[in-house]
Amino acid sequence: MQPIRAVQWSPTGDAVRIIDQRRLPGEYIERDLRTLDELCDAIATLAVRGAPAIGVAAAIGLVASLLPFVNEDPRLFRERARAHASMLAGVRPTAVNLPWAMARMSALVQSLHAASGPQLLDALRREATAILDEDRAMCNAIGANGLAFVVDGARVLTHCNAGALATAGIGTALAPVYLAHAAGRVVHVFANETRPLLQGSRLTAWELARAGIACTILTDAMAAALMRAGEIDIVLVGADRVAANGDTANKIGTYAVAVAARHHHVPFYVCAPWSTIDHATSNGDAIVIEQRDPDEIRLVHGAAIAPRDAVVRNPAFDVTPAALITGVITDKGVYRAPYLFTYPHG
Ligand code: MRU
């Protein structure tokens, strides 16, 4: 079976190729994005989504968006590169991977101040490829570091989609699940459907079915009852931003899962690559939470499920305090409170 490639270079190297996740699970469509507008729109509308995937998509897409301008005056070209990077960095505010990837690309532009346009573009292409390759490697390392937690027969609860569709590789929260399955262990995943955009039922269930891994979809409100019934052994979730003290922003509803897990003595692990750890943000209160269009709540596939003008709150993420997190499984190892996120750690 071909691996899922949520984000990659197009074969001709002039675009970023994504799987359009707005269309799953009904249709599998790949799209090649080239212009800044196409990229911003794809990230804003969640055609490409998941913290690591949007960082990688922006890095490759930045190179693609600059191609038509490579022969302009080098000073203007550098300014344009910085402007595109800054525009992309701001499309979604919560996932740190997006500004993290754009900061890497901008730092390169800054350091190569004497380069010609083609030289700078070549360097940016290599950096984007490094970001892509590193993301794949980090997913594999998270899987290896989390493998011991997914024992034979494990019943794993997850929220949103932190699988292959959310990264350039095999995912973060689902990476240990994929490796446990490959090692011959029986694993059963319970996927919260994840209101309002249903990343759990549309995406997690789709990619696990494709891999032959047992998956049961729950509505978000069911998780606590299953924990109370003793049907969940471990929670594995992803992260959009892990603050320096371990407070973690992830898809709205994650906090409620963590509260329920603590009450029922179910271990709750966050799985995140090093690129999601934000040393510059001291704690969760400083994390900006993306507020999205109220119609995402009022409508499902265009059909009204609430009065047209109903007042709605639609924060896309919430923050789980470090005190509720059993550990953070990263590519560099498993971190526990007090969260210092130093490497090597000890
Ligand atoms: O709004 P989304 O679908 O981009 O939100 C994604 C999540 O919350 C994921 O759990 C997180 O980005 C980690 S993905 C490895």
* Structure fact -> Taking placed amide H atoms and a strict 5 Å upper bound, the residues 5 or more places from Glu290 or on another chain that come that close are Thr94, Ala316, Phe317
* Which percent of the accessible area of the range 147-335 is formed by carbon and sulfur heavy atoms (probe 1.4 angstrom)? -> 58
* Residue-span extension gain [Ala107 to Asp293] - 0.36 nm each, minus C-alpha spacing -> 63.7 nm
* Asked: In debye to the nearest 20, how big a dipole does the range 72-170 give about its Cα centre with +1 on each Lys and Arg Cβ and -1 on each Asp and Glu Cβ?
  -> 200
* Points 7 angstrom from Cα along the Cβ direction at Ala182 and Met1: gap in nanometres? -> 1.3
* Structure fact -> So Asn314 and Glu30, fully extended at 0.36 nm per residue minus their Cα-Cα distance, gain in nm 99.4 nm
* Structure fact -> In terms of the charge dipole of the range 147-335, which places +1 on Lys and Arg and -1 on Asp and Glu at the beta carbon, the residue among Tyr335, Ala322, Val150 farthest towards the positive end is Val150
* the chain - mean residue ellipticity at 222 nm from DSSP helices (-39,500 (n - 2.57) per run, n ≥ 4, rounded to 500) -> -11000 deg cm²/dmol
* Calculated FRET efficiency, Arg75 and Ala148, Cβ-Cβ r, R0 51 Å, to nearest 0.05? -> 0.45
* Asked: Zone of Ile305 (label point 7 Å along Cα→Cβ, backbone N under 18 Å): which residues in the range 136-160?
  -> 159-160
* **Per residue, in Å², the accessible surface of the chain once ligands and nucleic acids are set aside, probe 1.4 Å** => 41
* Estimated D of the range 147-335 in µm² per second, where Rh is the Kirkwood radius over Cα pairs and Stokes-Einstein applies at 20 °C, 1.002 mPa s -> 128
* Structure fact -> Of all DSSP beta bridges having both residues in the chain, the percent classed as antiparallel (nearest 5) is 50
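Based on alpha-carbon positions alone, could you give the equivalent ellipsoid semi-axes of the chain from the gyration tensor, as √(5λ), descending, whole Å? Provide the component values of the computation, followed by the final result.
On the way: eigenvalues 218, 100, 76 Å².
Result for the chain: semi-axes of 33, 22, 20 Å.
Which FRET efficiency value, to the nearest 0.05, do you get for Asp20 and Arg126 by plugging their Cβ-Cβ distance into 1/(1 + (r/R0)^6) with R0 = 25 Å?
About 0.35, to the nearest 0.05.
The values are calculated or read from the model by the stated rules, or taken from the named source; none is laboratory data. Worth saying up front: this structure is predicted, and the values here are computed from it rather than measured. Note: ideal-geometry Cβ built from the backbone for every residue, glycine included; neighbour counts use all protein chains shown. Areas reflect the complete protein model, heavy atoms only, side chains present, ligands, DNA and RNA absent. Shrake-Rupley method; radii C 1.70, N 1.55, O 1.52, S 1.80 Å.
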